[in-house]
Amino acid sequence: MQAAHAAPQAHVVCGYSHTLGDDAIMMHGMPNEAMLHDFFGNVQTDAFSSRESLRKDEKTTCDNKADSSAYWAPSLKLPDGTVVKPAYQKTYYQASNVDA
């Protein structure tokens, strides 16, 4: 029988922060021009966010207070147009280049 192997991995859980029509990567500097996104982690994330701005204000909703990263995902909208407010998001980091 072969021993189980768990590659290096980590995860972070971040509570919901806010919803905006912004996307700091695809539509940087263009507020309310993107589809609605739910934001988690850094509470200042918006269309103008950059590495520098996120490092300047490190308030976070994440369980690991050292993680001031910005996480976002498209908002879920019901057929009647109601936007569903999420509770949290969980992100996994998995190393793919690990010697066995």
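Computed values, structure above
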quantity	calculated
Subset tally (residues that are surrounded by fewer than 19 Cβ atoms within 10 Å (Cβ to Cβ) and of a type in the set (S, T, N, Q)) for segment 7-43	3
Qualifying residues in segment 64-76 (those that are more than 14 Å from G15 (Cα to Cα) and at pLDDT 95 or above) - the one least open to solvent (accessible area, probe 1.4 Å)	S75
Residue satisfying all of: in segment 44-56; farther than 18 Å from Y16 by Cβ and not small (G, A, S); surrounded by the most Cβ atoms within 10 Å (Cβ to Cβ) among these	F48
D99 vs. criteria surrounded by fewer than 16 Cβ atoms within 10 Å (Cβ to Cβ) and modelled with pLDDT of 95 or more	no
When residues of segment 1-32 are limited to those that are of a type in the set (A, V, I, L, M) and modelled with pLDDT under 90, the one farthest from A66 (Cα to Cα)	M1
Any chance Y88 is of a type in the set (F, W, Y) and in contact (Cβ under 8 Å) with a residue 60 or more places away in the chain	yes
T82 on the phi < 0 side of the Ramachandran plot and surrounded by fewer than 18 Cβ atoms within 10 Å (Cβ to Cβ)	yes
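Yes or no, residue by residue, for (1) touching a residue at least 12 places away in the same chain (Cβ under 8 Å); (2) more than 24 Å from V12 (Cα to Cα); (3) in contact with a Lys or Arg (Cβ under 7 Å, 6 or more places away or on another chain):
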position: G29; (1), (2), (3): yes, yes, no
position: A34; (1), (2), (3): yes, yes, no
position: V43; (1), (2), (3): yes, no, yes
position: C62; (1), (2), (3): yes, no, no
position: G81; (1), (2), (3): no, yes, no
position: Y92; (1), (2), (3): yes, no, no
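The values are calculated or read from the model by the stated rules, or taken from the named source; none is laboratory data. The model shown is predicted, which means the values in this text are computed figures rather than measured ones. A quick note on method: Cβ atoms are made from the backbone with ideal geometry, for glycine too, and the neighbour counts reach across all protein chains shown. Calculation scope for accessible area: heavy atoms of the full protein, side chains included, ligands and nucleic acids excluded. Shrake-Rupley method; radii C 1.70, N 1.55, O 1.52, S 1.80 Å.
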